[in-house]
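Undergrad: Quick one: the structure is below, and I'll ask about it shortly.
The values are calculated or read from the model by the stated rules, or taken from the named source; none is laboratory data. Because the structure is a prediction, the values reported are computed rather than measured. Positions of Cβ are generated from backbone atoms using ideal geometry, with glycine treated the same way; all protein chains shown enter the neighbour counts. Surface accessibility is based on the protein's heavy atoms, side chains included, excluding ligands, DNA and RNA. Shrake-Rupley method; radii C 1.70, N 1.55, O 1.52, S 1.80 Å.
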Amino acid sequence: MAEPDVQIRAMLEPDLLGYKALRDAMLARHPDAFTSDAETEGLRDIASYRSRLTGGATLFTLVALDDAHLVGALTCEREPRRKVQHIAHLIGMMVADSHRGRGIGRALLVAGIERLQATPGLAQVTLSVTAGNRAAVGLYESQGFVRYGCLPDAVRLPDGRRLDKALMFRRLDG
Ligand SMILES: CC(C)(COP(=O)(O)OP(=O)(O)OC[C@H]1O[C@@H](n2cnc3c(N)ncnc32)[C@H](O)[C@@H]1OP(=O)(O)O)[C@@H](O)C(=O)NCCC(=O)NCCS
């Protein structure tokens with residue numbers, strides 16, 4: 001696949017407006033892909049997303065920018081508890097529908113893994129993904145993630161569907 005024609009970099013304070021706009025749109029369009037619901041999250045103010053800038057539990061949020069337009073994002077967190085400091089967690093992977101299939105998700109994931117590998121003390125990274133989300137599962141598998149479990153009935157949607165979550169991890173030393 002060709003390299004995507006977008007810039008990938010850490011999210012900064014001025015990006016928060018675009019981040020909220022992308023996230024709200026993605027939560028509304030893909031309710032089966034995310035644990036958060038669009039109605040609740042839509043009420044959040046922009047300042048609440050400062051927690052996703054580098055600092056505290058958030059190691060980083062990477063954004064993909066197409067001509068200054070925020071079209072993708074990926075967040076990585078780590079718990080403060082000492083015994084689990086070697087494990088990072090990826091959340092909030094999203095690429096705008098208008099930009100899907102151009103290698104942007106892969107570019108975000110590759111850049112995220114590289115940053116994690118350069119972070120002292122980390123040994124592995126986990127994520128969870130709706131089991132039937134072929135695009136996302138395919139993306140994660142292509143970058144070395146393997147499934148270590150499945151949580152049945154992990155998410156319940158308003159239309160009555162019950163979705164399982166695949167639990168995946170990847171070592172950072174390989
Ligand atoms: C999942 C998502 C992030 C993928 O982003 P993307 O930029 O479209 O993906 P890329 O173009 O980088 O594709 C990279 C790889 O992912 C996999 N992939 C992407 N789309 C796919 C599809 N429709 N079916 C199967 N595999 C797919 C493939 O392995 C692909 O590599 P290939 O093109 O060499 O086969 C994006 O589709 C998205 O935001 N979806 C809605 C939200 C979501 O599901 N988020 C994940 C929550 S865990």
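Undergrad: Count the DSSP beta bridges whose two residues both fall in the chain, then state the antiparallel fraction as a percent rounded to the nearest 5.
TA: In the chain, approximately 90 percent of DSSP beta bridges are antiparallel ones.
Undergrad: Further, regarding this structure: So how do 84-92, 136-144 stack up, highest first, on mean other-Cβ count within 10 Å?
TA: Highest-to-lowest ranking by the protection proxy: 84-92, 136-144.
Undergrad: Right, something else. Would you grab the residues whose amide H sits under 5 Å from the one on M11? Only those 5+ places off in sequence or on another chain, please, with H modelled 1.01 Å from N.
TA: Under 5 Å from the amide H of M11: T61, L62, V63.
Undergrad: Mind checking which of P152, P31, P14 has the largest fluctuation in a GNM of the chain, springs on alpha carbons under 10 Å?
TA: P14
Undergrad: Let me ask something else about it. Give me the 1.4 Å probe accessible area per residue for the chain, excluding ligands and nucleic acids, in Å².
TA: It amounts to 55 Å² per residue over the chain.
Undergrad: Determine the calculated [θ] at 222 nm for the chain from helices alone, applying -39500 (n - 2.57) to every DSSP H run no shorter than 4 residues and normalising by the residue count; nearest 500 deg cm²/dmol.
TA: Taking each H run of at least 4 residues, the total per residue is -7000 deg cm²/dmol.
Undergrad: Note the direction-averaged projected area, equal to a quarter of the hull surface, for the Cα convex hull of the chain, in nm².
TA: Orientation-averaged projected area of the Cα hull: 10.2 nm².
Undergrad: Whenever you get a sec, compute what percent of the accessible area on the stretch 20-174 sits on carbon and sulfur atoms (1.4 Å probe).
TA: Summing carbon and sulfur atoms, their accessible area is 52 percent of the total for the stretch 20-174.
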